[in-house]
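Here the structure is laid out as structure tokens; the discussion comes afterwards.
The values are calculated or read from the model by the stated rules, or taken from the named source; none is laboratory data. What you see is a predicted model; the values in this text were computed from it and never measured. Quick reminder, even Gly has a Cβ in these numbers, built from the backbone with ideal geometry, and neighbours come from all protein chains shown.
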Amino acid sequence: MEISQQFIAQLQALLPHEWEALAAAITTTPPAVSIRLNTAKGAHEARTTGLEPVPWCPAGRYLAGREPFTFDTAFQTGLYYVQDASSMFIAHVIGSLVDGPVRYLDLCAAPGGKTTAAIQALPPGSTVVANEVMPQRARVLCENVTKWGSPRCFVTSNPASDFKQLRHYFDVVAVDAPCSGEGMMRKEAEAVAQWSPALVRQCAALQRSIVDDAWHALKPGGLLIYSTCTYNSEENEQVVQHLIDTCQATTVEVPVEAGWKVHPGIGTSAHCYRFMPHLTRGEGLFMAVLRKPEGKARPPKMKAVKARGRAAWPRGTEHWLDCAGDYSLAMRGDTIVAIPHDLESCAALLHGALHVLHEGITLGTVKGKNCVPSHALALSTALNPEAFARCEVDYATAMAYMRGETVVVDAPRGYVLLTHHGSPIGFANNLGSRANNLYPKPWRILSTHIPAQEPAVVTAGSCVHGEG
Ligand code: SAM
């Protein structure tokens, strides 16, 4: 890999005593491969030997190498997320600094690595709004959030400036900003090819504008978690300094163990945390937590939008959920969504201000007098597994199903929840001689090269879903 001399010169200026070690780590050592287990789905390691834990994230595990994740039903159903170990630091930050239920905004969220880590790390009863401005990336975010299965998450697709309308609404706002990607150079050739000093300047200007917008949405006394995957100070410490200078922000200390070898901020006394591959096993990451000064909160005065559409749905649909009494059902077009009661006003507010792509649990689509159960329900931690006939399928059938093929299932006629290793993989409508495949078309596995041996990184144990 040929990295530019201008980039090397920047590293030399940034880290006069360490730049050679960092440059060697970037150019000569392979990236670590790591996953985060979805403990809300009872996920645990399949390997008897055990995988090495990520020191700052209890659900994180290093793998010996890349697995064929696409062909792993556990991956496709959200039992784990493939995530760089450094990025899992967000879980430690949240675990250390957030001690009660909060409203959490992830402003730059796709593809959803830090969102799913936040869902896992936040105290029970918290609400997550994950936003991504780019429409195509927002669809991927929706897919990953749906697979993760939390009923307390919304996905929106808006520019950061739209969140100024939600003044003082969030207790915590995460800005994992678009950046020059220096920390990804080891993993992505594109990060090397696209780098230039002009890109660094352009990103730094964009980051300041995004954090300024985010600041409006943050409650007085609330926390802004700022992160990038780049090394230079312009996009890191200087953006933190911008918030200190212009918004009276103060940085918050995060407890870190010496053995983790987290590098402090450079050229600043502010609390900043840098992960660098010559010191830590993971890619480049910068993170800082800023507190907004205390003051009087003036939450948004906005017209909440009531759900439109029919108020009745096919009888019994609500029993598709565990603890059905905890949810309100609403129609969005011909789709029924279930929203935890305490999030109804949040849902109405978001619909009034933003483009909402996902909310709570999508239960299904109304077709005449019936409701076709949605794939999101199959993957939700709130699914009532007793509500449907179940059929355990082998690996070959599970792969055929995820490729969108017609499958034959040994089950009663009607909607059947297919499981593999006891964990839901989706619904099929059993017509007897064959079953209609209800796996979402855009999610289908396109490759025909299914491995002969099933990848075995993670299993869900014997339960269908369970808290872990
Ligand atoms: N947090 C994500 C995760 O952990 O999976 C990664 C986020 S990535 C570093 C930054 C995201 O910001 C990208 O998805 C990008 O599309 C989005 N983005 C790009 N331009 C933006 C803008 N002007 N305002 C807000 N977000 C933007």
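If you go through region 84-102 and keep only what is surrounded by 20 or more Cβ atoms within 10 Å (Cβ to Cβ) and either hydroxyl-bearing (Ser, Thr, Tyr) or under 23 Å from residue 207 (Cα atoms) (or both), you end up with 84, 86, 87, 88, 89, 90, 91, 93, 94.
Conditions (1) under 22 Å from residue 439 (Cβ atoms); (2) of a type in the set (Ser, Thr, Tyr), marked per residue:
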| site | (1), (2) |
| --- | --- |
| 62 | no, yes |
| 68 | yes, no |
| 94 | no, no |
| 105 | no, no |
| 108 | no, no |
| 122 | no, no |
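For region 59-68, check the following and say yes or no: at least one residue is touching a residue at least 40 places away in the same chain (Cβ under 8 Å), in contact with a helix residue (DSSP H, G or I) (Cβ under 6 Å, 6 or more places away or on another chain) and either more than 16 Å from the ligand (Cβ to nearest atom) or among the basic types (Lys, Arg) (or both). There is no residue in region 59-68 that is touching a residue at least 40 places away in the same chain (Cβ under 8 Å), in contact with a helix residue (DSSP H, G or I) (Cβ under 6 Å, 6 or more places away or on another chain) and either more than 16 Å from the ligand (Cβ to nearest atom) or among the basic types (Lys, Arg) (or both). Scanning for something more than 20 Å from residue 149 (Cα to Cα) and surrounded by fewer than 16 Cβ atoms within 10 Å (Cβ to Cβ), does region 34-47 turn up at least one residue? Yes, that holds for at least one residue.
Take region 120-160 and flag every residue that is among the β-branched types (Val, Ile, Thr) and either within 12 Å of the ligand (Cβ to nearest atom) or not in a helix (DSSP H, G or I) (or both). Listed by number, the residues that qualify are 127, 128, 129, 133, 140, 145, 155, 156.
Restricting 307, 258, 288 to residues that are farther than 30 Å from residue 180 by Cβ and either in contact with a strand residue (DSSP E or B) (Cβ under 9 Å, 6 or more places away or on another chain) or modelled with pLDDT of 95 or more (or both) narrows the list to 307. Whenever a residue of region 92-107 is over 29 Å from residue 134 (Cβ atoms), its partners that are assigned to a helix (DSSP H, G or I), lying with C-beta atoms within less than 7 angstrom and at least six residues away or across chains, give the pairs 95/121. Look at region 337-350: where a residue is crowded, with 19+ Cβ neighbours inside 10 Å and a partner is assigned to a helix (DSSP H, G or I), sitting 6+ places away or on another chain with Cβ atoms under 6 Å, you get 339/347; 340/326. Condition check for residue 221 on (1) on the phi > 0 side of the Ramachandran plot; (2) touching a residue at least 60 places away in the same chain (Cβ under 8 Å); (3) touching a helix residue (DSSP H, G or I) at 6+ places or on another chain (Cβ under 9 Å): one failure, at (3).
In region 168-189, the residue that is surrounded by the most Cβ atoms within 10 Å (Cβ to Cβ) out of those that are over 19 Å from residue 22 (Cα atoms) and more than 20 Å from the chain's Cα centre (by Cα) is 169. Here is the figure for region 223-250: residues that are of a type in the set (Val, Ile, Thr), part of a strand (DSSP E or B) and closer than 29 Å to residue 23 by Cα total 2. Within region 13-33, is even one residue of a type in the set (A, V, I, L, M), at pLDDT 95 or above and in a strand (DSSP E or B)? Yes; the residues of region 13-33 include at least one that is of a type in the set (A, V, I, L, M), at pLDDT 95 or above and in a strand (DSSP E or B). Those strands (runs of 3 or more DSSP E) of region 337-444 in which at least 3 residues are within 24 Å of the chain's Cα centre (by Cα), considering only elements entirely within it, cover 356-359, 361-367, 423-430.
Looking only at region 91-104, decide whether some residue is more than 13 Å from the ligand (Cβ to nearest atom), within 22 Å of residue 425 (Cα to Cα) and assigned to a helix (DSSP H, G or I). Looking through region 91-104, none of the residues is more than 13 Å from the ligand (Cβ to nearest atom), within 22 Å of residue 425 (Cα to Cα) and assigned to a helix (DSSP H, G or I).
Residues in region 354-404 that are more than 23 Å from residue 151 (Cα to Cα) and hydroxyl-bearing (Ser, Thr, Tyr): 395, 397, 401. Annotation note: of 378, 347, the sole residue that is within 21 Å of residue 152 (Cα to Cα) and in contact with a Pro (Cβ under 6 Å, 6 or more places away or on another chain) is 378. Has region 78-85 got any residue that is in a strand (DSSP E or B), at negative phi and of a type in the set (Gly, Ala, Ser)? Within region 78-85, not a single residue is in a strand (DSSP E or B), at negative phi and of a type in the set (Gly, Ala, Ser). Scanning region 203-236 for residues that are over 13 Å from residue 293 (Cβ atoms) and over 25 Å from the mean Cα position of the chain (by Cα), we see that the one that is nearest to the ligand (Cβ to nearest atom) is 205. Set side by side, the residues 41, 114 differ, and just one is more than 11 Å from the ligand (Cβ to nearest atom) and under 23 Å from residue 443 (Cβ atoms), which is 41. Selection of first residues in region 1-14 that are closer than 13 Å to residue 193 by Cβ and of second residues that are of a type outside the set (Ser, Thr, Tyr) and exposed (fewer than 13 other Cβ atoms within 10 Å of the Cβ), restricted to Cβ pairs under 9 Å at least 6 apart or on distinct chains, gives the following pairs, ordered by first then second residue: 1/189.
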